Amino acid sequence: MPHRILVMGDNHGDVQSLRRVLEDAGDEPFDYVVHVGDFTNAWRTARQTDDERRGKERGAEQLRSVAPVLERFDELAAHGLVWVYGNQDYFGDLDEDLSVGTELPDDDVATVGELAFTNSLDHVGPETVLVTHMEHWRLVDSFDGLAHFCGNSHRGRHTGRRLNSAFLQFRDPRAEERRFGGYFVAELDGDGLDVEMRSIGELTRVECDRHGERGVQFQPESKGCMFCNEDGTLWREMCASGYYGLTHDSDRETVDDEELIEYAARLWDDPPAGFREQFESYLADLSDDRYSPLTRTNDGALTVAENSYSY
C-alpha cells in the first residue's frame, strides 16, 4: 500500500516558512508529515554571540514559537508528524522540548501508523524508514531501508530511496539575506520513492548532464549543480560511499587509494570524463579538505576521520 508523505526541514527558527507550507498544502491528504530537524538556529546564535547559553536560550524560544504550527502539521496527516532534532537544535540538548507528534528514537524503532521509523543507522531494515538530520554520505549507494529522509546541508537531492529535503529557510552566510526553499511530497511504496518538489521560494529542479547519475537536485537557480559548483562535494561523497562499500561487511578499517578510486568508479554506469584522475588528485591533497570524511593513517592508508563530517 502506498504512503503519501510531506517531507520538510531546516526552517531554523522561522515560523513564516512553516506557514507557507501549510498554506500551500491546503487540505491535501497525507499519511505522514516528516521534519528532518533544525527547528531552531540555536547553534548559529551561540557562534555569532560567542555565548552558548544565549544560543540555547534562543533555541528554546524558537521551539516555543514553532510548536503551535507543528501541531497543525500533526493534525494534517492521518498518522501525524514524525521528527528528529538537528545540529542547530544541539540534537535536543536545549532547555525546552517539543511535545508534538512523534520524536524518532536514536536507539530503537518506533511504529507510527503503518510504518516503522528510526533515527538510528543501526536499526535500519528492509521495512524501516530512516529519518536523520545528517546526510550520511556512506548510505548514498548502500542503503537497505525502505526510505531515508535527511537534511542539514541545504542541498536537496533525490536518489533512489533517499531524499535530502533541502531547506525551508536559512540566512545566506555571505549576504545575510533570508532565503526560502521548499518542501516535498513523497509517494512511498514497495517499488521505491516518487518525489515531487514544491517551492515556497527559490528551489528549482536541477538535472546535471555531467552528474545526473548522482540523482536529481533541488537548489536555488543561482547555485546550480552542487557537484559542478562546490569544490570537494563529489569527492567527499565518493570517499565515504566507496570506503563504506569496501569495508562495511568486513573487519577492515583501512583501504588504499587505488582500490577506493576503482570502487568509486564502479558506482557509475558512465563516470564523468577524467573521473579517476581528478579523484586521485583529490586524495593526494586530502589533508587540505577539513570536511573530508577520510584521513591518512601513519602508514598512508585511508580510514574514517575521527571527527568525520557526515560520514
Work the Kirkwood hydrodynamic radius out for the range 129-171: mean of 1/r over every pair of different alpha-carbon atoms, inverted, in Å.
10.5 Å
Just going by the charge dipole of the range 179-311, with Lys and Arg at +1 and Asp and Glu at -1 on Cβ, which of Gln278, Tyr183, His211 is farthest out on the positive end?
Tyr183
When the chain is fully extended, how far beyond the present Cα-Cα distance does Asp249 get from Arg72, taking 0.36 nm per residue of separation?
59.4 nm
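Could you work out the relative contact order of the chain, using alpha carbon pairs under 8 angstrom and six or more residues apart, expressed as a whole percent? List each step's numbers first, then the result.
On the way: 670 pairs, mean separation 44.1, N = 311.
Once divided by the residue count of the chain, the mean separation gives 14 percent.
For the range 149-275, with only Lys/Arg (+1) and Asp/Glu (-1) charged at the beta-carbon, what is the dipole magnitude about the Cα centre, in debye rounded to 20? Before the final figure, lay out the partial values.
Details: 16 positive and 26 negative charges, 157 e Å.
Value, rounded to 20: 760 debye.
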What helices in the chain pass both tests, a Cα length along the helix axis of 30 Å or more and a mean Kyte hydropathy of -0.5 or higher, using whole DSSP H runs?
none
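Please work out the ratio of the alpha-carbon Rg of the range 172-311 to 2.2 N^0.38 Å and round it to two decimals.
Values: Rg = 17.4 Å, N = 140, 2.2 N^0.38 = 14.4 Å.
Working it through for the range 172-311, the quotient is 1.21.
Can you give the extra length, in nm with one decimal, that the chain gains between Glu23 and Arg64 once fully stretched, where that is 0.36 nm per residue apart less the Cα-Cα distance?
Values: separation 41, 0.36 × 41 = 14.76 nm, distance 2.07 nm.
Gain in length upon complete extension: 12.7 nm.
Accessible area per residue of the range 1-102 at 1.4 Å probe, in Å²?
Numbers: 4530 Å² over 102 residues.
Solvent-accessible surface per residue comes out at 44 Å².
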Cα-only Debye scattering, the range 102-216: base-10 log of I(q)/I(0) at q = 0.16, 0.19 Å⁻¹:
-0.79, -1.06
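Can you check what the net charge comes to around Ala264, using other residues whose Cβ is under 10 Å from the Cβ of Ala264 (Lys, Arg +1; Asp, Glu -1)? It would help to have the intermediate numbers written out before the result.
Working: positive: Arg266, Arg276; negative: Asp141, Glu237, Glu259, Glu262.
For residues surrounding Ala264, the net value is -2.
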Here the cysteines of the chain without any disulfide-compatible Cβ partner under 4.7 Å are Cys150, Cys239
Listed peptides 150-163, 116-129, 277-290 by packing density, highest first (mean Cβ within 10 Å):
150-163, 116-129, 277-290
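To the nearest 20 debye, what charge dipole does the range 92-144 have about its Cα centre, counting +1 at the Cβ of each Lys and Arg and -1 at the Cβ of each Asp and Glu? Working shown, then result.
On the way: 1 positive and 14 negative charges, 54 e Å.
Here the range 92-144 has a charge dipole of around 260 debye.
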Per residue, the convex hull enclosing the alpha carbons of the range 1-75 has a volume in Å³ of 82 Å³
Normalised alpha carbon radius of gyration of the range 46-146 [divisor 2.2 N^0.38 Å]
1.21
Using the beta-carbon distance between Asp106 and Ala273 and R0 = 35 Å, what value does 1/(1 + (r/R0)^6) give for FRET efficiency, to the nearest 0.05?
0.25
Ratio of the Cα radius of gyration of the range 33-92 to 2.2 N^0.38 Å, where N counts its residues:
1.22
Measuring from the lowest to the highest alpha carbon on each principal axis, how far does the chain reach, largest first, in angstroms?
54, 50, 38
Given charges at Cβ of Lys, Arg, Asp, Glu: the range 201-298 dipole, positive-most of Val255, Asn298, Cys239
Cys239
If you place +1 on the Cβ of every Lys and Arg and -1 on the Cβ of every Asp and Glu, how big does the dipole about the Cα centre of the range 10-128 come out, in debye to the nearest 20?
520 debye
Give me the percent of accessible area attributable to carbon and sulfur for the chain, probe 1.4 angstrom.
39 percent
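Around Gly86, with a cut-off of 9 angstrom between Cβ atoms, what is the net charge of the other residues, counting Lys and Arg +1 and Asp and Glu -1? Write out the running numbers ahead of the final one.
Values: positive: none; negative: Asp10, Asp38, Asp89.
Once positives and negatives cancel, what remains is -3.
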Tell me, in nm to one decimal, what length is gained between Arg171 and Val15 on full extension, where the rule is 0.36 nm per residue of separation less the Cα-Cα distance?
54.8 nm
Project the alpha carbons of the range 220-284 onto their principal axes and report the range along each, largest first, in whole Å.
44, 25, 22
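Normalised by the residues of the range 203-311, what does the relative contact order come to in percent, with Cα pairs under 8 Å and at least six apart? Please list the in-between numbers first.
Numbers: 114 pairs, mean separation 23.5, N = 109.
Relative contact order here is 22 percent.
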With a cut-off of 20 Å, note down the residues of the range 103-118 whose backbone N falls inside the zone around a label point 7 Å from the Cα of Met1 toward its beta carbon.
110-118
What's the ranking of 60-72, 9-21 by average number of surrounding C-beta atoms within 10 Å, highest first?
9-21, 60-72
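The values are calculated or read from the model by the stated rules, or taken from the named source; none is laboratory data. Computed from a predicted model, the values in this text were never measured in an experiment. Every residue, glycine as well, gets a Cβ built from its backbone with ideal geometry; the counts of neighbours run over all protein chains shown. Protein only, heavy atoms only, side chains kept; ligands, DNA and RNA dropped before computing areas. Shrake-Rupley method; radii C 1.70, N 1.55, O 1.52, S 1.80 Å.
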